[in-house]
Structures are given as structure tokens and as C-alpha cells.
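The values are calculated or read from the model by the stated rules, or taken from the named source; none is laboratory data. It should be emphasised that the depicted structure is a prediction, and the values quoted were computed from it without experimental measurement. Glycine gets a Cβ as well: all are built from the backbone with ideal geometry, and neighbour counts include every protein chain shown.
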Amino acid sequence: MSEGNVGSRLDQWLGSYAARTRGMTASEIRALFAVASRPEVVSLAGGMPNLAALPMDVVGRSLANLVAQNGPVALQYGSGQGDPELRRRILDVMAPNRVSAHPDDIVVTTGSQQALDLVTRIFVDPGDVVLAEAPSYVGALGVFRSYQADVVHVPMDSEGLIPEALSDTLIRLKRAGRKVKLLYTVPNHHNPGGVTLAAHRRPQIVEIARRFGVLILEDDPYGLLGFDGDPLPALHSHDPEGVIYLGSFSKTFAPGFRVGWAVAPHAVREKLVLASESAILCPSSFSQMAVTSYLAEHDWKHQVGLFRELYRERRDAMLQSLSDMLPTSSWTNPQGGFYVWVKVPDGLDTKAMLPRAVTARVAFVPGTAFYADDQGRDHMRLSYCYPSPERIREGVRRLASVIDEELDVQETFGTPGSGQRAGSSVDSPGPDLS
Amino acid sequence: MLSPRVLILAGGLSHEREVSLRSGRRVAEALREAGCQVTVTDVDDQLLDTLRSGQIDVVWPLLHGVSGEDGAVRDVLELVGVPYVGSAPAACRLSWDKSVAKGIVQEAKLATPRFVALPHGIFRELGANRVLGSIVEKLGLPLVVKPARGGSALGASAVRDTAGLPRAMVDCFAYGDVAMVEQRVSGVEVAVTVLDTGSGPVALPPVEIVPDSGFYDYDARYIAGASEFFCPARLSAPALEAVKAAALTAHNAFGLRHVSRTDLIVDESGEPWFLEVNVAPGMTETSLLPLSIEAAGLSAPTVYRQLVERALV
């Protein structure tokens, strides 16, 4: 502590942090999510996969066998690119999305989040532009921010990313002399948008990106979790040389293993492997072999079907509840995945409304968390993946009264501007929030 | 007692749950270092069983915000008859509502910024613009808007002009039903910890707070590096003594026990203005109470253990 006139900032390394840490601060909003972990609160905020349908006895036996029979390998370092047997099996997992590749094209990562980090690391210099949907996945925005990218959002509609808007944005950026490095997109069951990129738009998006020389980063954690029909062909299937495809076992098996992957063009893949080795040496051998065993010994496709039904039931409960109880709001109509994107009545600010919701024992993520530029105040993301249908209904009931109260306050004070509450700090909950 | 068994209550359902959990962890660590047996628990339907188990010698409620600082949980501790660190429920109730607290310190002859505390309904019924206009006419600008109950500056805003008032009111009412609008006195912002470990209340060296943003809001409080602290505060010797005396006056006026923290502004003339008093001050890595303990040349584990023993007397 200080003596005399010497002050203290409680962090002796304050002058040493890299510029890229700017914005790595948890906001007041993030602190409010601490309450969401309490059972009294209906959390429609988090995105934790619902593991209730997972056969824990099967997984447990598989893990025990793994250690008993292959312990010396499973507990040892492994290849930087990932276990060859797992990479072969990943081809089967991607087949429904028409991603065809050779096992050598795959880099196994610690969740697809690490793949996002590695791709950004090898392509993005400070000030480069990364295009992302409006809104976009909060975890990707965090990665882009940490590499000091300039995120430019491109509008979506009910059919996903709008090709004309993408083209217009790229023309504008080209005229401004900006270097666009990546187009980041979640084409299936978007987080947080809850929409899917229409089949007819997919080749258009790929063609526009190719024309402007922009690499597509296709993030597809929810591709197998569509409620109706077959999965649409991935963007990767339209141009394997122009797209890096990211997959994950977090939603189709279990996030605790932290196993994801990237499929990338040959030269890119070599750099990804070197970047991954410098970051983590190699992905966990134990986790990879556990996933491999699960895929080999268990009917994983049937299991994904069970997950789909579980999420479909919750999606139905969410949409019905919204329809019954939020007459002044509108929302997307998710056909898969975990999320619905809700537009609240004009003038309401979901970020400012969150404390009132916490008091009412319901939690959501304010729309601002999904933009790099403080848009989204009139939206919120609701997750239906985790709570039971009854809890979802109760949560929406509470939310309806919160919105009514907030409208009452708005009527009293008018529609004030966003004021001083805009900021670059992190407004989203941590990954462990149910 | 060789190794008192301490139950720390941290968490709760208030907006300040995160801060409370952080305070709980820090105090638990320090008490273990001081030789206590410590359990940290949330406030839930298991608590009464735990309190009645006979396995607890003393409770330290480190709950911030509603039910922690409004005296409710302490009422329950009284019902069960378990000793606890900190003030009694009646004193908490007086200090918890900032508008009530200001009335009490005024009676104790402390200066406090002029204010008005109003529920949302009044603005709705009388017209927000008219009421806000009257407030500005009476109190002038700049102003501070904050929930009448609650801490950590959640929902609090500094307002420089009339145009900023509606936003501040909406943000404030998201945290509570009653908003307090207060004159913003310019000067040096200080916090004074008062400890009573057995020989009467003693004021520790005042901590001066200089937030980078100009307003000591939530971020300025809990993001390391967002504020600069000077301890003792860069005040003249008489002003330092005046703020310590003011904190002791507040501590005694409310009938507080064991520990409190009083927040004040010292104006150009050296006069301290009372802002609020906290019966469960923050004990996190960036909180002011641990800073003043260190500045006083004391050790946090020793002081916390003394407070535990004081509660056991």
C-alpha cells in the first residue's frame, strides 16, 4: 500500500499488460450472472448442453476400459495434429453435412474455441477486418478482440447472412482500403440468432467471398442438431479451398472432453498444427481416445437423435411460452440448436433491464454481448437447452412481468439514450452457467 | 478458544452475490491463516440445520445487498442464538436505507449532501419531467442518482446535465423501487474503516479514492487498476482527523458493532460530507477495508481473528 503521496492501483503489473488485453474486463452485467447459478433463478442465459440424455454408465465403462487397457498411451503426450484414429472417425461425423476431407486435413483442437483462436492467430494482424454476422457468437468476438481485429457486422434475416449485404459491405471496405481477412459465420442454428443459412444462399456466400479473396471461417457446432430434415450442405462442401470448417463434440457428446477440430486447406492446416503445438503442444490424448472409444462402441447417431428430441421439446416449450406471454416482442423460429433471439419492444434496453430480471429470478443474455460495437440493446438471447419445459415456461412468465415493469418505467421517463453504459468490457456469462 | 469454528455466509441472491463470494473467499483464507476452522456457505434451505448443528462457534455474515445488509439474516442468527461478527439487525435496518441513514447522521450533526428519495410511482403520477425539474431546481447540478438501498454502486450514475437524468433514473430503478437523487459535492472521496476489537471503536487511516473514470462506479471498484488509492488520504492533518471523527460519529450514531466503513467526501474547506455507511463492507482483493488495515500496519488475519473473538465474548 502507498505511503505519503504514492498511490496504489492494486495491480503492480498494470503498466506491463499487452495492448490486446484492452477490454478483458468483466462488466457489472457479467457479475449479475453469479445469481443465475442459484436454483431459485430460471436461467435462460447459459448455453450449457443438457447431458441428461447421455448414458453415463456407458461413458463410465468406456473411460475405465480406456485407462485399464490403454493408460500408458492415453495419459501420454500425443500428436500435435491429433489422434489419427479420431481424425478418421471425424470424417463420419461430418458426412451428414457433406464435408468431405482426408484425415490429414483435420487438426484436432481443445474445443472448437481453440480452433477459432488458432485461425485468428495465423491470419489476423491488429486492425485487420473480420466480418461477422449481426449478431455473432460472443466467444468468437472475444477471440477477435484479443487479436485486435476490427469486427464489422453483416446483417442477417430469417434465412441467415444476407448475400447482398455481404457484397455491399465488402465493396465499401475495399473502397476504404481495408484489409478483410476472414468471414466468420455460424450457418446452422445460429448462436445467438437461432436462424439457419438457407441452402440457396450458401453458394452465393461462398462465391462472394471467393470474389473478394476472403477466407470463410465456418463454425458448425450445431449442424447435427436440426429438428427436421437432413442437415444442409456445409459451406465447405462448396469450396474446400476457401473455407475452414470447425466442428465440435461439445454439443453432440459432451463439452467436458473439450474436443473440437478444424478442417483446413493443406497449407493452412500446416500452420494451424505449428500454432497449436506452440500453444498447447498437443490436444489431450485422454480426451481424444475417450471420444474415439465412444464413437466406436456406442451408437452415437442414435444418441444425437435423443439430444435432438430433448432440445426440440424445450424449443417447443420456449416458442409456445413466448407466444402466450410476450405479445409485445418478436423472435426467431429456431429449427435446431439452443437459442432464440428475441426483439423486445422499441426503446427497451435489455442490458439496463437485466438487474430487474435478476430480482425477478430470471436471467437472459443482453443483446449487446453479441456485437462488437454496442448494438443489440433491443434484443436478448434466450437459451432453451438446459431448463425443463416447465421451468422454461416459468422463466418466460417472469420475463413477461419484467418487460411490463420496464415498459412502465420507460413510459415514465421516455426513451433515454444509452448514456454512459456503453463499454468494451465483457457482458456475457462464463461457460459454466446453466 | 484455540481454534474457533467460523461459518462464513457468502453469496445470497442479491445483485452483489459475486462481490459477496469474493469477500467470503478472502476472509476465509485469512481466518484459516489465523488458525480458525472455517466453512463458507451460501444462504439456502440448509442454513438453519447448519446453524443448529452445534458445529459452529461463530458466524460471519459477508452478504452484501438485500438480506445481507438489511438485517434480515442477522435476525435469523439472533433467533437461533448463534454469535456473529458485525452489527445487530436494528442497526443494519437504519443504515441500509441511505435516505434513513442520512437523517440519522444529520441528527448527529454530520454534514450530508442534500437529497431526495422517491419511488417510481411518484414520477409516474406527477410527471417525470416536472419532478426532475423540481429536483434540479432545488439541488442543482451535478447530481448522483443511486438506489436508496443497495451497494457496490450498482445502478448509480453521476449526472452532469438535465438530459442525462432520465437514463440515470431508468438504470437506477432497474435495481430498486426507490431512487435517491443527491447533490454531488466536489472534493476528495474517502472511505474510513472503523474497527472495534475489544477496546472501543477505532478509525483506521482513511483511504482516498481516485477513479480513472471520475466516478467510483462498479467497474472502478472491482477492476484492479481502474482506480488509484492513497492511504492515508492526501488531506491535511486536521482534515484527516475530521474524517476519522465523522466515521466514528456515524458508527456510534447507528449503534454499529465490530466493523463498519463510512464513505465520505471532503470538500475544499476540509469539511467531511457523509455519503453512506456499510455494515458489511467489501473484503475483496480490491476493497477498501483490507487496504486500510494494511496501511494501519496491521495484519488482516490477525484483525479478522480478533473480530471473531470479539463476537464470541
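Listed values, structure above:
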| read-out | value |
| --- | --- |
| All strands (runs of 3 or more DSSP E) inside region A:99-203 with 2 or more residues being polar (S, T, N, Q) | A:106-110 |
| Hits in region B:146-176 - residues which are assigned to a strand (DSSP E or B) and either of a type in the set (D, E, K, R) or more than 9 Å from chain A (Cβ to nearest Cβ) (or both) | B:LYS146, B:PRO147, B:ARG149, B:VAL159 |
| Whichever residue in region A:219-230 is out of contact with any Ser or Thr (no Cβ under 6 Å at 6 or more places or on another chain) and modelled with pLDDT of 95 or more and, among such residues, is nearest to A:PHE123 (Cα to Cα) | A:ASP219 |
| Selected residue (criterion: farthest from the other protein chains (Cβ to nearest Cβ)) from residues of region B:208-246 that are under 17 Å from the mean Cα position of the chain (by Cα) and closer than 30 Å to B:VAL313 by Cα | B:ALA246 |
| Residue match in region A:172-179 (condition: under 24 Å from A:LEU44 (Cβ atoms) and modelled with pLDDT of 95 or more) | no |
| Neighbours by Cβ (under 9 Å, 6+ apart or cross-chain): first from region A:385-407, assigned by TED's automatic domain parsing to the domain that holds A:PRO345 and surrounded by fewer than 22 Cβ atoms within 10 Å (Cβ to Cβ); second in a helix (DSSP H, G or I) and aromatic (Phe, Trp, Tyr) | A:GLU405/B:PHE173 |
| Residue match in region A:42-64 (condition: within 26 Å of A:VAL259 (Cβ to Cβ), outside any helix (DSSP H, G or I) and among the acidic types (Asp, Glu)) | no |
| Checklist (1) of a type in the set (A, V, I, L, M); (2) surrounded by fewer than 21 Cβ atoms within 10 Å (Cβ to Cβ); (3) not assigned by TED's automatic domain parsing to the domain that holds B:LEU21 applied to B:LEU143, failing item | (2) |
| Any hit, region A:287-308, residues being in contact (Cβ under 8 Å) with a residue 24 or more places away in the chain and more than 22 Å from A:ALA254 (Cα to Cα) | no |
| Selection from region A:7-38 of residues that are more than 8 Å from chain B (Cβ to nearest Cβ), assigned to a loop (DSSP other than H, G, I, E, B) and either free of Cβ contacts under 8 Å to residues at least 40 places away in the same chain or on the phi > 0 side of the Ramachandran plot (or both) | A:GLN12, A:TRP13, A:TYR17, A:ALA18, A:GLY23 |
| Condition check for A:ILE216: assigned by TED's automatic domain parsing to the domain that holds A:ASP104, free of Cβ contacts under 8 Å to residues at least 40 places away in the same chain and assigned to a strand (DSSP E or B) | yes |
| Qualifying residue in region A:105-113 (condition: buried (at least 18 other Cβ atoms within 10 Å of the Cβ), within 25 Å of A:PRO233 (Cα to Cα) and touching a His at 6+ places or on another chain (Cβ under 6 Å)) | no |
| Which listed residue is at pLDDT below 95, touching a helix residue (DSSP H, G or I) at 6+ places or on another chain (Cβ under 8 Å) and away from every other protein chain (no Cβ under 14 Å), from B:THR197, B:THR262, B:THR284, B:THR249 | B:THR197 |
| When residues of region A:83-103 are limited to those that are within 22 Å of A:ASN70 (Cβ to Cβ) and either among the charged types (D, E, K, R) or outside the structural domain of A:LEU235 (by TED's automatic domain parsing) (or both), the one farthest from the chain's Cα centre (by Cα) | A:GLU85 |
| Residue check for B:GLU16: out of contact with any helix residue (DSSP H, G or I) (no Cβ under 7 Å at 6 or more places or on another chain), in contact (Cβ under 8 Å) with a residue 40 or more places away in the chain and of a type in the set (Asp, Glu) | yes |
| Conditions (1) in contact with a Leu (Cβ under 6 Å, 6 or more places away or on another chain); (2) closer than 28 Å to A:GLU297 by Cα; (3) not in a helix (DSSP H, G or I); number of the one not met by A:SER79 | (1) |
| Contacts under 6 angstrom Cβ, first residue in region B:298-313 being within 13 Å of B:LEU2 (Cα to Cα), partner among the hydroxyl-bearing types (Ser, Thr, Tyr) and not in a helix (DSSP H, G or I), 6 or more apart | B:GLN306/B:THR197 |
| Residues satisfying the stated conditions in region A:336-365, i.e. in contact with a Ser or Thr (Cβ under 6 Å, 6 or more places away or on another chain) and outside any strand (DSSP E or B) | A:PHE338, A:VAL344, A:PRO345, A:GLY347, A:LYS351 |
| Sole exception among (1) buried (at least 17 other Cβ atoms within 10 Å of the Cβ); (2) farther than 24 Å from A:SER284 by Cβ for A:LEU66, by number | (2) |
| Counted residues, region B:20-40 - those being within 13 Å of chain A (Cβ to nearest Cβ), touching a residue at least 12 places away in the same chain (Cβ under 8 Å) and not basic (Lys, Arg) | 3 |
| Which listed residue is surrounded by 18 or more Cβ atoms within 10 Å (Cβ to Cβ) and either more than 14 Å from every other protein chain (Cβ to nearest Cβ) or more than 21 Å from A:SER37 (Cβ to Cβ) (or both), from B:VAL100, B:VAL59 | B:VAL59 |
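Condition check ((1) more than 30 Å from B:ASP267 (Cα to Cα); (2) of a type in the set (S, T, N, Q); (3) not in a helix (DSSP H, G or I)) across all residues:
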site: B:GLN55; (1), (2), (3): yes, yes, yes
site: B:GLY68; (1), (2), (3): yes, no, yes
site: B:LEU79; (1), (2), (3): yes, no, no
site: B:ALA91; (1), (2), (3): no, no, no
site: B:GLN106; (1), (2), (3): no, yes, no
site: B:VAL116; (1), (2), (3): no, no, yes
site: B:ASN129; (1), (2), (3): yes, yes, no
site: B:LEU132; (1), (2), (3): no, no, no
site: B:VAL144; (1), (2), (3): no, no, yes
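This table checks each residue for (1) surrounded by 13 or more Cβ atoms within 10 Å (Cβ to Cβ); (2) farther than 30 Å from A:ARG87 by Cβ; (3) at pLDDT 95 or above.
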site: A:PHE307; (1), (2), (3): yes, no, yes
site: A:TYR311; (1), (2), (3): yes, no, yes
site: A:ARG314; (1), (2), (3): yes, yes, yes
site: A:GLN320; (1), (2), (3): yes, yes, yes
site: A:SER323; (1), (2), (3): no, yes, yes
site: A:LEU326; (1), (2), (3): yes, yes, yes
site: A:TRP331; (1), (2), (3): yes, yes, yes
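Condition check ((1) more than 30 Å from A:VAL342 (Cα to Cα); (2) out of contact with any Lys or Arg (no Cβ under 9 Å at 6 or more places or on another chain); (3) not aromatic (Phe, Trp, Tyr)) across all residues:
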| site | (1), (2), (3) |
| --- | --- |
| A:GLU40 | no, no, yes |
| A:LEU44 | no, no, yes |
| A:ASP57 | yes, yes, yes |
| A:LEU66 | yes, yes, yes |
| A:GLN69 | yes, yes, yes |
| A:VAL73 | yes, yes, yes |
| A:ARG89 | yes, yes, yes |
| A:ASN97 | no, yes, yes |
